1. Which stretch or stretches of segment 215-239 have amide N atoms under 12 Å from the point lying 7 Å from Asn253's Cα along the Cα→Cβ direction?
2. Averaged per residue, what accessible surface does segment 200-270 expose to a 1.4 Å probe, in Å²?
3. Give the carbon-plus-sulfur fraction of the accessible surface of segment 198-270 in %, rounded to a whole number; probe 1.4 Å, heavy atoms of protein chains only.
4. Stretched out fully, how many nm does the piece from Glu104 to Val214 gain, at 0.36 nm a residue minus the Cα gap?
5. Under the rule a/c < 1.5 gives rounded, and otherwise a/b versus b/c splits prolate from oblate, where does the chain land using the Cα gyration tensor?
6. Whole number in Å², please: accessible area per residue of segment 48-112, 1.4 Å probe, ligands, DNA and RNA not counted.
7. Mind giving me the nanometre distance, one decimal, between the label points for Asp27 and Glu245, set 7 Å out from Cα along Cα→Cβ?
8. Using amide H atoms built in the peptide plane, which far-off residues or other-chain residues are under 5 Å from Glu184 H to H?
Amino acid sequence: VRARVMQVDQSPDVTFADIGGIEAQMDEVRETVEMPLKSPEMFEDVGIDPPSGVLLHGPPGTGKTMLAKAVANETDATFIKMAGSELVHKFIGEGAKLVRDLFELARQEEPAVVFIDEIDAIAAKRTESKTSGDAEVQRTMMQLLSEMDGFDDRGEIRIIAATNRFDMLDRAILRPGRFDRLIEVPNPDFEGRKQIFQIHTRNMNVSDDVDFEVLAEEVQDASGADVKAVCTEAGMFAIRDDRTEVTMDDFRNAWEKIQQEESEDDDISR
Ligand code: ATP
């Protein structure tokens, strides 16, 4: 069971250079997660405890997972990921045990970055979720909190959680000593979108007519994941057309297609 819920990556290959547009967030993650791992003596000398857990919140596809992976890479830590939804929906009755296993594994793998995605699935306010009143979900969350509370010598293990539904969270998990550092990761602005286009076309054969300023302007509201999808889809348009060079039209057609697919998805989910 453990192998299927926990994704362990001894050396993730994402670096901070692969992340565009969220510099302030990157700095904050480095200060709160990377510094305690790299220079724990700094915190000891000054006489403060580093933040226990960091919570990244914001819309889907903005780079939250990337941030966690990049810190693990930078500190040569093992990256251990677990999704809140899998914890409670896939392995009914196993949630609390899986949380225990997760921390045991982290202790074995030290230094480690533990990334809990979709934390809202185990830590939603009672009023806002049908499942949160569920005793099983409560038990899973209590186990997580007790693991975090009992974490005195946590030096070599850092915990990052992420959610797209900050409004749904039970405030109990945000108390001091728990997820007491909140970092909002928003959709990229114009500069961010431009950077993300540049990052994802680094290895692409892009024609001279492609202007990332114009594209960044045109893909308003796109997330980082959307920009990445536009680049891949633009490449597909070139391939279908038997060309090796990707043109401005390919990028524009790709954005159109992706918007269409997203609005169809919205229709289905409605
Ligand atoms: P979710 O909330 O859906 O789990 P997330 O915020 O964790 O999303 P990631 O998994 O980090 O998002 O991003 C998905 C993919 O989108 C990344 O692998 C990357 O290719 C691209 N991407 C997203 N944001 C950025 C960014 N800021 N810079 C570069 N690429 C990005």
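The values are calculated or read from the model by the stated rules, or taken from the named source; none is laboratory data. Note that this is a predicted model, so its numbers are computed, not measured. Glycine gets a Cβ as well: all are built from the backbone with ideal geometry, and neighbour counts include every protein chain shown. The area values use the complete protein model at the heavy-atom level, side chains included, leaving out ligands, DNA and RNA. Shrake-Rupley method; radii C 1.70, N 1.55, O 1.52, S 1.80 Å.
1. The answer is 233-239, whose backbone nitrogens lie closer than 12 Å to the label point.
2. On the way: 4470 Å² over 71 residues.
Per residue, segment 200-270 has 63 Å² of solvent-accessible surface.
3. Details: 1960 of 4590 Å².
Carbon and sulfur atoms account for 43 percent of the accessible area of segment 198-270.
4. Details: separation 110, 0.36 × 110 = 39.60 nm, distance 4.95 nm.
Between Glu104 and Val214, full extension yields 34.7 nm more.
5. Here the chain falls in the prolate category.
6. 37
7. 4.0
8. His57
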